[in-house]
Amino acid sequence: MTSCTYKIPTLLDIEEAKKRISKYIPKTPFKYSLFLSKLTGAEVYLKYENLNPTCAFKVRGGINLASKLLEKNKSFNK
């Protein structure tokens, strides 16, 4: 069995991923949920990731990984 290490992303990692992803995926809206806010006693907003072209949030991670690999490959081939 192989061991996998995971690095907790920093704010810089998140900001860089946002730059890479924003070229391909539009921003998705938030909508206030009165029901969930009353249920939890907190202001709850839902993010409509189903409005992405693939109808899922997972596309962001895939695009980020593929973009990072392309960036590494470009610098490697120079």
- line: Within the stretch 27-43, restricting to residues that are open to solvent by less than 70 Å² (accessible area, probe 1.4 Å) and at pLDDT below 95, the one that is nearest to the chain's Cα centre (by Cα) is T28
- prompt: Out of curiosity, is S22 within 12 Å of the chain's Cα centre (by Cα) and either modelled with pLDDT of 85 or more or of a type in the set (D, E) (or both)?
  reply: yes
query: I8: open to solvent by less than 100 Å² (accessible area, probe 1.4 Å) and either in a helix (DSSP H, G or I) or at negative phi (or both), yes or no?
result: no
- prompt: Filter the stretch 44-67 for residues that are at pLDDT 80 or above and open to solvent by 90 Å² or more (accessible area, probe 1.4 Å); which is nearest to D13 (Cα to Cα)?
  reply: L65
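The values are calculated or read from the model by the stated rules, or taken from the named source; none is laboratory data. Given the structure is predicted, the values throughout are model-derived calculations rather than measurements. Heavy atoms of the whole protein, side chains included, go into the accessibility calculation; ligands, DNA and RNA do not. Shrake-Rupley method; radii C 1.70, N 1.55, O 1.52, S 1.80 Å.
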